[in-house]
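This report concerns only the one structure given below.
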Amino acid sequence: MQSFKMLVGGTLVDGANSMDVINPATEEVLATCPRADTKQLDQAVAAAKAAFPAWSNTSIADRQRALNKMADKIEAHAADLSRLLTQEQGKPLDNAAAEIEGTVAWFRHFAAQDLEATVIEETEERRIEGQHRPLGVVAAITPWNFPIILMAFKIPPALLAGNTVVLKPAPTTPLSTLMFAELVHDLVPPGVLNVITDANDLGSALTAHPDVKKISFTGSTATGKKVMESAASGLKRFSLELGGNDACIVLDDVDPQTIAPTVFQHAFQNSGQVCIAIKRVYAPTSIYDELCDALGELARQAIVGDGLEQGTQFGPVQNKMQFEKVQGFLDDAEENGTIVAGGDVPEGPGYFIPPTIVRDIKDGTKLVDDEQFGPVLPIIEYSDAEDALAAANASPYGLGGSIWSNDIDRAYELASRMDSGTVWINNHTELSPGVPFAGAKQSGFGIELAAEGLAEFTQLHVVHVPLR
Ligand code: NAD
């Protein structure tokens, strides 16, 4: 069995304790990995703090080089990383490979950025410039759905800006992050990057640590609120990328057969465990039956299985707790709607739930109003697109959303009134490192990616320079 170590102060170390990591496709122990205690957490933060003065004084060219070297290292080990990611997370191998490929692209994107001071005002008398100074120790906390690429939303911009980092992955998917740590540990000075793993018990100690100056958190809205509380005492900077309940509003001019495969893919990729997956579909009466039938047919054809098996399109739900939670949504679907396809949970082993399409369900039910974060999709009938938009906007979440139409002007007008950080027209879930990503309402706070996301890892430092 492969062994895994944490990275603290430049050294690969065992945990004070250990814990088992389960393969969700087999429910067997995949590996035993380190579990840090609070002493090791303190050591990681102390190492990051000690490394900060020198790292923040390196040239940006040095830091760009380090990120490019990390990208090269990840790329060189892509096959091993992908396989491990599939085994711990459950996603099909080609999806895992795409996640690793995206991670490389994310690192390279940030390696190509700079943080030049901007001239705010320049006259004969004075120049006022905005410099971007690093913040100090960043706590980076990631969830279990995309452990590697969500790490790449944080680590490259944090390091590029001159911060040092303590990274903590989710306890059910720590292995690919630990492998990443081992691969890159000697590409930056000791303490610049630290990785610790826990059993869901160190997050609050990390975020509350007085030497942590910025928290970059991706996870659930409930935990995000706790992070916000921890940040308050030290008035720490923080960014929160949280849950969503993305609505897809289909307008009456589309051909349901044409859009169904794309809508299906954006709803069920990674078995629905995507923060910006389509989580509810609003369809007009005129094409409601046809769209439900087309999506139902796709669900029936879907190949669900172990992500390592060739041909698998959808893997298991990632962990037991989520598996049980999604079954609660299936119960709600049975009670409040009609299951068109899927719905039957096979006997184990494995946390498998087939793609499930639910019709005749309304707003006000658990499946429509809450974030299912799993492969169960409600389709809600509407007669007026304004009502569908109002229902979409009534959610406390506001991560993403989409409008589907052949009339781009009409779609654009509705899209502009959607209360979410991102809206796509005839698309969904597409992200790229140069496009800012933000959640509205209870889906988040702050921005990740692009120049705006990079700026969140810095303190704006305004310098007034007299010129005569
Ligand atoms: P979670 O909030 O349970 O856990 C996320 C991380 O926070 C884990 O590493 C966990 O160990 C850590 N954590 C737990 N308690 C903590 C605390 N008190 N303080 C600090 N950290 C703590 O979320 P999850 O179940 O791992 O992930 C699923 C959720 O994440 C979904 O709601 C999903 O929508 C959301 N998500 C959001 C985005 C986004 O970018 N908006 C992306 C992916 C996932």
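The values are calculated or read from the model by the stated rules, or taken from the named source; none is laboratory data. In this text the structure is predicted, and so the values were computed from the model without any measurement. As a convention, Cβ positions derive from the backbone with ideal geometry for all residues, glycine included, and neighbour counts pool all protein chains shown. Quick note on the areas: whole protein, heavy atoms, side chains included, nothing else; ligands and nucleic acids left out. Shrake-Rupley method; radii C 1.70, N 1.55, O 1.52, S 1.80 Å.
Brief remarks follow.
- In the stretch 271-288, the condition of being away from the ligand (no atom under 16 Å from the Cβ), touching a Lys or Arg at 6+ places or on another chain (Cβ under 8 Å) and more than 27 Å from Ser204 (Cβ to Cβ) is met by at least one residue.
- Residue check for Ser204: open to solvent by 20 Å² or more (accessible area, probe 1.4 Å), in a helix (DSSP H, G or I) and among the hydroxyl-bearing types (Ser, Thr, Tyr): yes
- Boolean, Asp331 is more than 30 Å from Pro174 (Cα to Cα) and open to solvent by 10 Å² or more (accessible area, probe 1.4 Å): yes
- Pro171 fulfils the conditions (1) over 24 Å from Arg63 (Cβ atoms); (2) surrounded by 22 or more Cβ atoms within 10 Å (Cβ to Cβ); (3) within 8 Å of the ligand (Cβ to nearest atom) except for a single criterion, (2).
- Residue within the stretch 174-186 that is open to solvent by 60 Å² or more (accessible area, probe 1.4 Å), under 18 Å from Ala44 (Cα atoms), more than 14 Å from the ligand (Cβ to nearest atom) and modelled with pLDDT of 95 or more present: yes
- Residues that are closer than 18 Å to Val274 by Cβ and open to solvent by 70 Å² or more (accessible area, probe 1.4 Å) within the stretch 433-468 comprise Val435, Gln442, listed in sequence order.
- In this structure, Glu381 does satisfy being among the acidic types (Asp, Glu), open to solvent by 10 Å² or more (accessible area, probe 1.4 Å) and touching a helix residue (DSSP H, G or I) at 6+ places or on another chain (Cβ under 9 Å).
- Filter result for the condition that a residue is out of contact with any Lys or Arg (no Cβ under 8 Å at 6 or more places or on another chain) and over 15 Å from Ala158 (Cβ atoms), over Gly453, Gly439, Gly446: Gly439
- Boolean, Ser220 is outside the structural domain of Ala455 (by TED's automatic domain parsing), of a type in the set (S, T, N, Q) and either within 10 Å of the ligand (Cβ to nearest atom) or crowded, with 23+ Cβ neighbours inside 10 Å (or both): no
- Among the residues making up the stretch 342-360, those that are out of contact with any Leu (no Cβ under 8 Å at 6 or more places or on another chain) and either in contact (Cβ under 8 Å) with a residue 40 or more places away in the chain or on the phi > 0 side of the Ramachandran plot (or both) are Gly342, Gly348, Pro349, Gly350, Tyr351, Phe352, Pro354, Arg359, Asp360.
- The combined condition, being open to solvent by 50 Å² or more (accessible area, probe 1.4 Å), within 18 Å of Met151 (Cβ to Cβ), modelled with pLDDT of 95 or more and assigned to a helix (DSSP H, G or I), is fulfilled by Lys73.
- Test result for Val462, out of contact with any Phe, Trp or Tyr (no Cβ under 9 Å at 6 or more places or on another chain), of a type in the set (Val, Ile, Thr) and not assigned by TED's automatic domain parsing to the domain that holds Val119: no
- In the stretch 256-270, the qualifying residues are those that are at negative phi and touching a residue at least 40 places away in the same chain (Cβ under 8 Å), and the one that is farthest from the ligand (Cβ to nearest atom) is Ile259.
- The one condition in (1) among the hydrophobic types (A, V, I, L, M, F, W, C); (2) within 16 Å of the ligand (Cβ to nearest atom); (3) closer than 24 Å to Ser286 by Cα that Val358 fails to fulfil: (2)
- Scanning the stretch 255-283 for residues that are open to solvent by less than 10 Å² (accessible area, probe 1.4 Å), touching a Phe, Trp or Tyr at 6+ places or on another chain (Cβ under 6 Å) and farther than 29 Å from Ile155 by Cβ yields one hit, Tyr282.
- Taken across the stretch 190-211, residues that are small (Gly, Ala, Ser), within 30 Å of Tyr382 (Cβ to Cβ) and in contact (Cβ under 8 Å) with a residue 60 or more places away in the chain do not occur at all.
- At least 1 residues being over 20 Å from the mean Cα position of the chain (by Cα), closer than 19 Å to Val21 by Cβ and assigned by TED's automatic domain parsing to the domain that holds Gly203 is the threshold, and among the helices (runs of 4 or more DSSP H) wholly inside the stretch 81-164 not one reaches it.
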